[in-house]
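K.L.:
Pasting a structure below so you can have a look.
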């Protein structure tokens, strides 16, 4: 059994709308995200981000080799596919995509949405989001695959189509 790393430091308060590192970042230059719990805060055991979505769609279907990914809908309506099964979630709903299981998500409709997303353990996900924050626009599928692989994920299909 792998020994657990201790939690680092004391309480960390993140004000509403704030980022753990006080940064203003966007996934692929278009989807704002804030780090709520950083990997360093938990000895690498957990990463929690809040992501805002202003337009329909989401990332390509993918799987994490090392992390479970948990989604909690704060606002909006989302379709989330886990292991080939489609789920429709609204505010207050949550779903877990276990490590190694293909999944994808998409904001449905034209109303903005917000997700809390937790990765356990944090792995290389914080570095993934930092890398995407430097990009402008969605990369091509040929550019996405190596980016995902470098951060412990595999692209397994196209993004979900939204209604």
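K.L.:
Go over the candidates 157, 104 one by one and state the one that is in contact with a strand residue (DSSP E or B) (Cβ under 6 Å, 6 or more places away or on another chain), farther than 25 Å from residue 39 by Cβ and not in a loop (DSSP other than H, G, I, E, B).
P.N.:
Details: 104 fails: farther than 25 Å from residue 39 by Cβ.
Testing whether each residue is in contact with a strand residue (DSSP E or B) (Cβ under 6 Å, 6 or more places away or on another chain), farther than 25 Å from residue 39 by Cβ and not in a loop (DSSP other than H, G, I, E, B) leaves just 157.
K.L.:
On to the next question. Would you check if residue 127 is surrounded by fewer than 16 Cβ atoms within 10 Å (Cβ to Cβ), part of a helix (DSSP H, G or I) and over 16 Å from the mean Cα position of the chain (by Cα)?
P.N.:
Details: surrounded by fewer than 16 Cβ atoms within 10 Å (Cβ to Cβ): yes; part of a helix (DSSP H, G or I): yes; over 16 Å from the mean Cα position of the chain (by Cα): no.
In short, no.
K.L.:
Just need a number here: residues in region 139-163 that are farther than 21 Å from residue 25 by Cα, without any contact (Cβ under 8 Å) to a residue 60 or more places away in the chain and surrounded by 14 or more Cβ atoms within 10 Å (Cβ to Cβ).
P.N.:
Qualifying residue count, region 139-163: 1.
K.L.:
Evaluate the following for residue 14: is it out of contact with any helix residue (DSSP H, G or I) (no Cβ under 6 Å at 6 or more places or on another chain) and either on the phi > 0 side of the Ramachandran plot or assigned to a strand (DSSP E or B) (or both)?
P.N.:
Working: out of contact with any helix residue (DSSP H, G or I) (no Cβ under 6 Å at 6 or more places or on another chain): yes; either on the phi > 0 side of the Ramachandran plot or assigned to a strand (DSSP E or B) (or both): no.
So residue 14 fails the test.
K.L.:
What are the residues in region 48-80 that are outside any loop (DSSP other than H, G, I, E, B), crowded, with 19+ Cβ neighbours inside 10 Å and more than 13 Å from the chain's Cα centre (by Cα), if any?
P.N.:
78, 79
K.L.:
Looking only at region 109-124, count every residue that is within 16 Å of residue 52 (Cα to Cα) and either in a strand (DSSP E or B) or at pLDDT below 95 (or both) and tell me the total.
P.N.:
Residues of region 109-124 that are within 16 Å of residue 52 (Cα to Cα), as a first pass: 109-118.
Now restrict to residues that are either in a strand (DSSP E or B) or at pLDDT below 95 (or both): 109-111, 113-118.
Here the count works out to 9.
K.L.:
Could I ask something else about it? When you look at residue 100, is it at pLDDT 95 or above and either more than 19 Å from residue 159 (Cα to Cα) or buried (at least 17 other Cβ atoms within 10 Å of the Cβ) (or both), yes or no? Steps first, answer last, please.
P.N.:
Details: at pLDDT 95 or above: yes; either more than 19 Å from residue 159 (Cα to Cα) or buried (at least 17 other Cβ atoms within 10 Å of the Cβ) (or both): no.
In short, no.
K.L.:
Which pairs turn up if I take residues in region 114-137 that are free of Cβ contacts under 8 Å to residues at least 24 places away in the same chain and look for partners that are outside any loop (DSSP other than H, G, I, E, B) and buried (at least 19 other Cβ atoms within 10 Å of the Cβ) with beta carbon separation below 8 Å, at least 6 apart in sequence or on another chain?
P.N.:
none
K.L.:
Quick test of your reading of the structure: residue 136 fulfils all but one of (1) closer than 14 Å to residue 27 by Cβ; (2) surrounded by 13 or more Cβ atoms within 10 Å (Cβ to Cβ). Name the failing condition by number.
P.N.:
The failed condition is (2).
K.L.:
Additional query: Determine whether residue 137 is modelled with pLDDT under 95, assigned to a loop (DSSP other than H, G, I, E, B) and at positive phi. If you could, list the steps in order and put the result at the bottom.
P.N.:
Working: modelled with pLDDT under 95: yes; assigned to a loop (DSSP other than H, G, I, E, B): yes; at positive phi: yes.
So residue 137 passes the test.
K.L.:
Take the conditions at pLDDT 95 or above and either surrounded by fewer than 14 Cβ atoms within 10 Å (Cβ to Cβ) or in a strand (DSSP E or B) (or both) and apply them to residue 91. Does it pass? Reasoning before the result, please.
P.N.:
On the way: at pLDDT 95 or above: yes; either surrounded by fewer than 14 Cβ atoms within 10 Å (Cβ to Cβ) or in a strand (DSSP E or B) (or both): yes.
So residue 91 fits the description; yes.
The values are calculated or read from the model by the stated rules, or taken from the named source; none is laboratory data. Please read all numbers here as calculations on a predicted model, not as lab measurements. Glycine gets a Cβ as well: all are built from the backbone with ideal geometry, and neighbour counts include every protein chain shown.
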